[in-house]
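What follows is a single structure, written as structure tokens, with notes after it.
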Amino acid sequence: MISKRVVLKFPHRLVEKPIISDLVKRFNLEFNILKASVTPRQEGLMVLGLRGYDRDFQKGMAYLKKMGLTIEPLSQDVKRNDKKCIHCGACITSCPTGALYLNASTHEVIFDNSKCIACELCVPACPPRAMEVHF
């Protein structure tokens, strides 16, 4: 089984198509919508957690690309600006997944983007605004 978080960007011509239900029906993929911005006649954006067998996952991703969607790993869109971060730890308590945590030996805040779901709760919690979310 494979489990990944991806960002899907799709052109306005596909906003009203049942693309996600096709992933379930045709490719046996499970999904969890983490974030979505879908407006008629505009580009759509969806952050999904996808899970399924590797072969089905690869076929599903090929289908999305063929349909004209842009697919990016979620971790490319959530970043910490290390030049701004002062390791104060204010962001840690706002993170529901533990993607931000304190290294006990160095007292530095660690950002594990593989656990991040792009909920954006860390953004307002960070005094120097070191957490940046780009969609």
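With labels modelled as points extended 7 Å from the Cα through the Cβ direction, what inter-label distance (nm, one decimal) is found for Y63 paired with K25?
Taking the two extended label points, one gets 0.9 nm.
What do you get for Rg/Rh of the range 2-74 when both radii come from the Cα atoms and Rh is the Kirkwood radius?
Taking Rh as the inverse mean 1/r over Cα pairs, Rg/Rh reads 0.93.
Over the range 77-135, what relative contact order in percent results from Cα pairs under 8 Å that are six or more residues apart?
Value for the range 77-135: 46 percent.
Could you bin all the Cα-Cα distances of the range 43-135 into 10 Å bins starting at 0 and give me the percent of pairs in each, rounded to whole numbers?
15, 41, 24, 17, 4
Give me the extension gain from V38 to Y101: residue separation times 0.36 nm, minus the current Cα-Cα distance, reported in nm with one decimal.
Length gained, V38 through Y101: 19.4 nm.
At most 10 other Cβ atoms within 10 Å plus a DSSP loop assignment makes a site exposed; report the longest stretch of the chain without any exposed trypsin sites (Lys or Arg not before Pro).
Counting only loop sites that pass the neighbour cut-off, the longest clear stretch is 84-135.
Note down the relative contact order for the chain as a percent, whole number, built from C-alpha pairs under 8 angstrom at least six residues apart.
25 percent.
Read-outs throughout are calculated quantities, based only on the coordinates presented, and are distinct from any laboratory measurement. Only a predicted model underlies this, so the values are computations on that prediction, with no experimental measurement involved. Glycine gets a Cβ as well: all are built from the backbone with ideal geometry, and neighbour counts include every protein chain shown.
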